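**Student:** Structure below; questions to follow.
Throughout, read-outs are computed from the coordinates displayed, never taken from laboratory work. If you're wondering where the values come from, they're calculated on a predicted model, not measured in any experiment. Reconstructed Cβ throughout: ideal geometry from the backbone, glycine too, with neighbour counts over all protein chains shown.
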Amino acid sequence: MAQPLPEMDTEQLRKIAVRGGIQGTEAMDREELVDALEARPGEGAWQQDPKPADVNPNDYRYGH
């Protein structure tokens, strides 16, 4: 089983970050690398549900 990110050493984290396309890993410390790997956009960490444009929930009737 893979080791959890917080338990990996800095070089392992840096290699994973570079492989994942994160830029500027040379200047990041260990905590910044863990944060960058755990909070990738589009993977749910900080993503909010999109709201449909101009939809009024009162326009829908349930149980005709």
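**Student:** Where Rh is the Kirkwood radius over the Cα pairs of the stretch 1-42, the temperature 25 °C and the viscosity 0.890 mPa s, what D in µm²/s does Stokes-Einstein return? Spell out each step's value before the answer.
**Tutor:** Numbers: Rh = 10.3 Å.
In µm²/s, the coefficient rounds to 238.
**Student:** Continuing with the same structure: How far apart, in nm, are the 7 Å Cα→Cβ label points at L5 and R19?
**Tutor:** The answer from the label model is 1.5 nm.
**Student:** Let me ask you something else. Give me the extension gain from V55 to A39: residue separation times 0.36 nm, minus the current Cα-Cα distance, reported in nm with one decimal.
**Tutor:** Roughly 2.7 nm would be gained on extension.
**Student:** Please compute the length gained on full extension between D29 and Q12, using 0.36 nm multiplied by the number of residues separating them and subtracting their Cα-Cα distance.
**Tutor:** Gain in length upon complete extension: 4.9 nm.
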